[in-house]
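The values are calculated or read from the model by the stated rules, or taken from the named source; none is laboratory data. Treat the numbers as computed from the prediction; the structure is a model and nothing was measured. Heads up, the Cβs are rebuilt from the backbone with ideal geometry, glycines too, and the neighbour counts pull from every protein chain shown. Note: accessible area is taken over every heavy atom of the protein model, side chains too, but ligands, DNA and RNA are not part of it. Shrake-Rupley method; radii C 1.70, N 1.55, O 1.52, S 1.80 Å.
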Amino acid sequence: MVETPADLKYAETHEWLRQDGDGVITIGITDYAQESLGDVVYVELPEVGDQLSAQDEAGAVESVKAASDIYAPVSGEVIAINEELEDEPGTINESPYGDGWFFKMRMSDPSELASLLSAEQYITTTEEEDEG
Amino acid sequence: MLLRTSLYSAHQKLAAKLVDFGGWEMPLHYGSQIAEHHSVRRQCGMFDVSHMTIVDVLGSGARAYLHYLLANDVDKLSGDRQALYSLMLNEAGGVIDDLMIYMIDKGFRLVVNCATRVKDLAWMEAQAGSFDVTVTERDDMAMLAIQGPEAIAKVQTVLRRHRSEHDSLMIAQLPRFGAVVLDQWHYARTGYTGEDGLEVMLPASQAEAFWWQLHEVGVAPAGLGARDTLRLEAGLNLYGHEMDEQTSPLEANLAWTIAWQPEDRNFVGRAAVTKARERGVHKKLVGVLMTERGVLRAQQSIYCGGIESPDTETSTEIGIVTSGSFSPTLGYSVGLARVDLSEAGSSISDAGEVEIRGKRKAVRFVAAGFVRNGQITID
């Protein structure tokens with residue numbers, strides 16, 4: 001069963017976002033996304049200091065099967081990356097909302113959060129994808 | 001509505017991730033594609049390949065028909081050798097499909113790809129013309145591939161328990177590319193993984209029982225995802241990637257599958273591939289290794305040189321990746337690429353670059369084929 005925690009926000013491109021306080025957010029890919037990709041074998045992370053706008057390409061995740069881009073869900077500066085994923089990309093499969101996080105940003109425009117999806121809305125979009 | 005094989009409910013019970021594969025609802029994996037890959041290399045795995053199209057060619061004209069239809073020569077089938085790989089070419093010398101041919105009672109059995117099924121059957125029907133031959137799709141049959149170093153022993157155990165001592169003894173004696181039909185079960189010592197093993201064609205109604213009997217003795221279910229990484233590590237071509245109707249087989253390292261002798265055998269495409277051979281072949285398939293982080297994928301551009309000179313703008317594009325993936329056995333990415341030797345000089349150096357998402361990464365060129373019988377074969 002795919003998990004979609006209710007306390008997170010989601011992008012249609014399958015990233016999740018957790019608010020850590022003080023305008024800092026953590027970003028990763030959803031359980032649905034990791035399950036669709038299968039065994040993850042490679043991640044490309046952004047660099048600390050990168051200035052990203054919402055929907056900018058921030059990196060990529062590749063499974064045996066396919067490559068998928070990771071997008072910044074909101075605008076801001078990258079302040080941390082999860083370097084451990086470079087050696088243990090499978091962590092994304094094991095713990096997509098925990099140790100499998102991708103990067104942290106300091107938001108430049110918190111009002112952009114309003115455009116993201118709730119867990120319930122995200123589940124609806126994934127159900128539509130499965131039917132499509 | 002997707003088509004389902006006779007093993008569909010078995011896949012469901014095993015919690016397979018099912019995907020649309022050429023119009024069939026097939027298992028991509030049963031949890032971990034990488035674990036399934038290792039099972040086949042180290043012990044034994046089984047694949048449902050019932051989506052493949054089985055076609056029986058029977059009648060007094062069957063041999064003459066296949067002499068005309070196929071680029072390889074069915075006369076090579078005899079005695080111990082009962083299975084043969086061949087291409088089916090069009091008049092322009094492009095590849096309509098690649099297939100396996102087996103000898104059966106009163107004729108031959110062909111196994112062609114699932115994605116090309118409709119055009120293959122139409123083509124085979126159209127070529128039948130004046131030959132005294134019947135071309136019949138065997139959609140009443142299922143096909144399982146049991147592959148890996150323990151495959152023969154595991155299948156023997158199942159056959160002894162549930163079928164007959166005779167079947168068990170017979171399959172143990174099959175040489176590579178040998179095949180035998182025993183009471184409607186067609187066993188062939190063939191496969192698509194680079195490991196020893198069997199492909200078994202059997203009545204669809206008996207396939208699920210056989211599947212669970214194999215499962216019971218520890219044969220791991222493996223999905224089409226692992227099948228692809230296994231064939232890539234073995235350096236085996238995949239239709240639609242390394243070969244297609246627009247590509248000469250001579251540029252896909254498949255000249256060895258064309259039976260040029262006897263010279264008076266007229267087969268479809270013979271004139272075109274003969275002309276291509278006389279003109280000279282400038283492209284070939286090579287193996288590509290990328291030990292840096294990242295994954296090779298089909299359609300990425302390949303460049304020669306570049307590594308030695310930091311000015312990558314000067315290195316020349318020499319080809320494209322036709323198949324690429326992560327190699328579970330090697331722990332890094334491998335691929336096949338078609339390169340143009342005339343662009344690269346008469347031969348390519350062993351170092352080059354690939355472009356991935358706008359960035360150049362170092363690669364090494366090797367012979368196509370990375371792992372066989374559980375052993376790494378890179379030179």
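At least 1 residues that are within 23 Å of residue B:203 (Cα to Cα) and open to solvent by less than 40 Å² (accessible area, probe 1.4 Å) in each: list the strands (runs of 3 or more DSSP E) lying fully within segment B:9-93 that qualify.
The qualifying strands (runs of 3 or more DSSP E) are B:24-29, B:45-48, B:53-58, B:83-89.
Check residue B:318 against each of (1) out of contact with any Lys or Arg (no Cβ under 8 Å at 6 or more places or on another chain); (2) within 14 Å of another protein chain (Cβ to nearest Cβ) and name the one condition it does not meet.
Every listed condition holds for residue B:318 apart from (2).
Yes or no, residue by residue, for (1) within 20 Å of the chain's Cα centre (by Cα); (2) in contact (Cβ under 8 Å) with a residue 12 or more places away in the chain:
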site: B:70; (1), (2): yes, yes
site: B:74; (1), (2): yes, yes
site: B:88; (1), (2): yes, yes
site: B:95; (1), (2): yes, yes
site: B:101; (1), (2): yes, yes
site: B:112; (1), (2): yes, yes
site: B:122; (1), (2): no, no
site: B:127; (1), (2): no, yes
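Taking residue B:348 as meeting all but one of (1) surrounded by 18 or more Cβ atoms within 10 Å (Cβ to Cβ); (2) at pLDDT 95 or above; (3) not hydroxyl-bearing (Ser, Thr, Tyr), write down the number of the exception.
Here residue B:348 meets the rest and fails (2).
Identify all residues within segment B:330-340 that are surrounded by fewer than 24 Cβ atoms within 10 Å (Cβ to Cβ), within 12 Å of another protein chain (Cβ to nearest Cβ) and not hydrophobic (A, V, I, L, M, F, W, C); write none if there are none.
Listed by number, the residues that qualify are B:331, B:332.
Strands (runs of 3 or more DSSP E) wholly in segment A:45-95 with at least 2 residues that are within 14 Å of chain B (Cβ to nearest Cβ) and under 28 Å from residue B:328 (Cα atoms) - which ones?
By residue number, A:57-63, A:67-71.
For segment A:4-24, enumerate the residues that are over 15 Å from residue A:113 (Cβ atoms) and open to solvent by 40 Å² or more (accessible area, probe 1.4 Å).
Once the filter is applied, which keeps residues that are over 15 Å from residue A:113 (Cβ atoms) and open to solvent by 40 Å² or more (accessible area, probe 1.4 Å), segment A:4-24 yields A:6, A:13.
In this structure, is residue B:333 of a type in the set (S, T, N, Q), within 16 Å of the chain's Cα centre (by Cα) and closer than 30 Å to residue B:195 by Cα?
So residue B:333 does not fit the description; no.
Which condition from (1) open to solvent by 70 Å² or more (accessible area, probe 1.4 Å); (2) within 28 Å of residue B:234 (Cβ to Cβ); (3) free of Cβ contacts under 8 Å to residues at least 60 places away in the same chain; (4) not β-branched (Val, Ile, Thr) is the one that residue B:108 breaks?
Result: residue B:108 passes all but (1).
Can you name every residue in segment B:225-263 that is within 14 Å of chain A (Cβ to nearest Cβ) and surrounded by fewer than 22 Cβ atoms within 10 Å (Cβ to Cβ)?
Result: B:228, B:231.
Assuming residue B:1 fulfils every condition listed in (1) within 14 Å of chain A (Cβ to nearest Cβ); (2) buried (at least 23 other Cβ atoms within 10 Å of the Cβ) apart from one, which condition is it?
The single condition residue B:1 does not satisfy is (2).
Which residues, taken from segment B:316-331, are over 14 Å from residue B:252 (Cα atoms), at pLDDT 95 or above and in a strand (DSSP E or B)?
Matches in segment B:316-331: B:324, B:325, B:326, B:327.
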